[in-house]
Amino acid sequence: MNPLHPKKLLLSKWTALAPANQEKHFIVIKVIEPEQPGEAVEWVELDAVHSRQTRRIACKTLRDETQWRQGWL
C-alpha cells in the first residue's frame, strides 16, 4: 500500500471491511498533528457516512488492509 501523506489524508474516503452498526463508509474529518514537528501522524478522526458518528483511530490502523480499504467499495 502507498504511504499516507497527511495533507492528502484529510477528507479521504475509507471503507471498513468489518462494518459494525451499519457503519461501512467513512470520511477523514480531522488529522491530529503530532506534538513534535516532523513526526508521523498518529491519530485521525473518522465520520461515519450512515450514522454521522465520529470515532478516533490510530493512523496506522488505516494501513491495515484486513480492516480498511481506501475509497468506497
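Near S12, the amide H atoms lying under 5 Å from its own belong to V28; only residues 5 or more places off or on other chains count, and H is placed 1.01 Å from N. Positive-end ranking of N21, C59, V44 along the dipole of the chain, with charges on Cβ about the Cα centre, is headed by N21.
The convex hull around the C-alpha trace of the chain, projected and averaged over every direction, spans 4.7 square nanometres. About the centre of its Cα atoms, the chain shows a dipole size close to 280 debye [charges on the beta carbon of Lys, Arg (+1) and Asp, Glu (-1) only; nearest 20 debye]. For W43, the residues 5 or more places off, or on other chains, whose built amide H falls under 5 Å of its own are I32, C59.
Taking each residue as 0.36 nm, the span from D64 to H50 lengthens on full extension beyond its C-alpha to C-alpha distance by 2.8 nm. Note on the chain: Lys pairs 8 or more places apart or on different chains, Cα atoms under 14 Å apart, count 4.
Laboratory data are not the source of any read-out in this text; all were calculated from the coordinates shown. Everything numeric here is computed off the predicted structure, so don't read it as measured data. Here Cβ is always computed from backbone atoms with ideal geometry, including for glycine, and neighbour counts include all displayed protein chains.
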